[in-house]
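Remarks on the structure that follows.
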Amino acid sequence: MDSRQLAYFRQIVESGSMSGAARALGVAQPSLSQQTRNLEEHLGTELLTRTARGVVPTEAGQLLYEHACRIADLLVEAEEEVRAISSEPSGRVDFGLPASVSMALSIPLAETVRVEMPKVHFCATEAMSGHIKEWVKSGDIDLALLYDQDGIGDCTSELILMEDLWFYAAPDDWPFETPPGEPVQLAAVMRLDLVLPSRRHGLRILIDRVAKASRLEPRVVTEMDSLQQIKALVARGSGHTILSPAAVHDLVEMGRLLGSQIVEPRMRRPVYLVRSSKTRATAATRAIETYCRKVIEDLVQRGIWQAEFASGPDVGPQSKGL
């Protein structure tokens, strides 16, 4: 059994008759009939049922037809991918980003991709980390930035950054004697009215864990699983919050929020670049990864993203394949 026989059989099923398939293929009908008999003899089963109106596949024939379609698609895909290696990156790349990352990264990355790789269709999806994990794990998206590796299955991950978390307040609601920009102790922050995500959110889990390790309890007056709403509430003076500088750089530039780094202990979280194991690595996805790192480096150097670069890939129990 070879690809030509499968192509012939596929056309017979789709045409519904030997004569129609012969015309579509430009092959003599007796030759096509002989190819089908050879295939049936090779597989030891009847593949087609002859009727007055033409032919229909048997159960075995329908199964072979489905396989033939998949094989034909794989052959086309293989040819396209091989040709693409030596050509300009092209095709669609789906990238998942948590809201706090998307706030700083999505626009400059999209602009960079459009200028540098005009044939790439870049699709950035902003969602909660839990949803992004499921999508990258299932192959619905190709790449993602995540704050932890738990639950990513066989996907590969690379530690890109260690990101600092800061305390933020409205300018007319600054609660400390020290000015904004001067580090503030975690214990002092925990005594203030805080607006934070709920306990199912990754950021809240981190804050609670760090506080517990220091025998502290955050004083949470409002829980809200929306980055934009948290920022809006704090900017109105309705509490204070803990976020990454990358997530609030817009309101900080506008003078609507002021911040200070949290110390004693320093509050940090990792940022991982995750690649789906369900989708193929293409020239486009590899290029997106490269430009993602370059844009992040620029954001860090400009102080928009308060973070330090990791020295190399993080290899742990959840980062298989690295």
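Tally up the residues in region 179-205 that are of a type outside the set (A, V, I, L, M, F, W, C) and surrounded by 21 or more Cβ atoms within 10 Å (Cβ to Cβ), please. Talk me through it step by step, then tell me what you get.
Here is the first cut: in region 179-205, the ones of a type outside the set (A, V, I, L, M, F, W, C) are 179-183, 185, 191, 193, 197-202, 204.
Within this subset, residues satisfying the condition of being surrounded by 21 or more Cβ atoms within 10 Å (Cβ to Cβ) are 197.
The total comes to 1.
In region 143-242, which helices (runs of 4 or more DSSP H) lie fully inside it and hold 2 or more residues that are under 26 Å from LEU273 (Cα atoms)?
Numbers: elements: 186-190, 202-213, 227-235.
Because the criterion is at least 2 residues that are under 26 Å from LEU273 (Cα atoms), the helices (runs of 4 or more DSSP H) in region 143-242 that meet it are 202-213, 227-235.
Working only within region 228-270, note down all residues that are hydroxyl-bearing (Ser, Thr, Tyr) and more than 26 Å from the chain's Cα centre (by Cα). Give the steps one after another, and end with the answer.
Start the filter on region 228-270 by keeping residues that are hydroxyl-bearing (Ser, Thr, Tyr), which leaves 238, 241, 244, 260.
Once the filter is applied, which keeps residues that are hydroxyl-bearing (Ser, Thr, Tyr) and more than 26 Å from the chain's Cα centre (by Cα), region 228-270 yields SER238, THR241, SER260.
Spot the failing condition for GLU81; the list is (1) assigned to a helix (DSSP H, G or I); (2) modelled with pLDDT of 90 or more, and only one is missed.
(2)
Cβ contacts < 7 Å: first residue assigned by TED's automatic domain parsing to the domain that holds LEU145 and surrounded by 15 or more Cβ atoms within 10 Å (Cβ to Cβ), restricted to region 281-293; second residue assigned to a helix (DSSP H, G or I) and of a type in the set (A, V, I, L, M, F, W, C), any location; separation 6+ or different chain. Result?
THR282/ALA84; ALA283/ALA84; ALA283/ILE85; ILE288/VAL113; TYR291/LEU109; TYR291/VAL113; CYS292/LEU109
Out of THR45, THR58, THR125, report the one residue that is surrounded by 12 or more Cβ atoms within 10 Å (Cβ to Cβ), under 19 Å from ARG293 (Cα atoms), modelled with pLDDT of 90 or more and not small (Gly, Ala, Ser). Before you say what the answer is, go through the steps one by one.
Numbers: THR45 fails: under 19 Å from ARG293 (Cα atoms); THR58 fails: under 19 Å from ARG293 (Cα atoms).
Among THR45, THR58, THR125, only THR125 is surrounded by 12 or more Cβ atoms within 10 Å (Cβ to Cβ), under 19 Å from ARG293 (Cα atoms), modelled with pLDDT of 90 or more and not small (Gly, Ala, Ser).
Within region 82-91, does at least one residue satisfy the condition of being of a type outside the set (D, E, K, R) and on the phi > 0 side of the Ramachandran plot?
Residues of region 82-91 of a type outside the set (D, E, K, R): 82, 84-87, 89-91.
Restricting the remaining residues to those that are on the phi > 0 side of the Ramachandran plot gives 91.
Checked against the condition, which is being of a type outside the set (D, E, K, R) and on the phi > 0 side of the Ramachandran plot, region 82-91 yields at least one hit.
Residues THR241, THR222: which one is touching a helix residue (DSSP H, G or I) at 6+ places or on another chain (Cβ under 6 Å) and of a type in the set (Ser, Thr, Tyr)?
Numbers: THR222 fails: touching a helix residue (DSSP H, G or I) at 6+ places or on another chain (Cβ under 6 Å).
Answer to the check: THR241.
Tell me which residues, restricted to region 148-178, are buried (at least 16 other Cβ atoms within 10 Å of the Cβ) and under 23 Å from ARG286 (Cβ atoms).
Listed by number, the residues that qualify are GLN149, ILE152, CYS155, THR156, SER157, GLU158, LEU159, ILE160, LEU161.
LYS212 versus (1) free of Cβ contacts under 8 Å to residues at least 24 places away in the same chain; (2) surrounded by 13 or more Cβ atoms within 10 Å (Cβ to Cβ): which is the lone unmet condition?
(2)
The values are calculated or read from the model by the stated rules, or taken from the named source; none is laboratory data. Quick caveat: nothing in here was measured; it's all calculated off a predicted structure. Backbone-built Cβ (ideal geometry, glycine too); neighbour counts: all protein chains shown.
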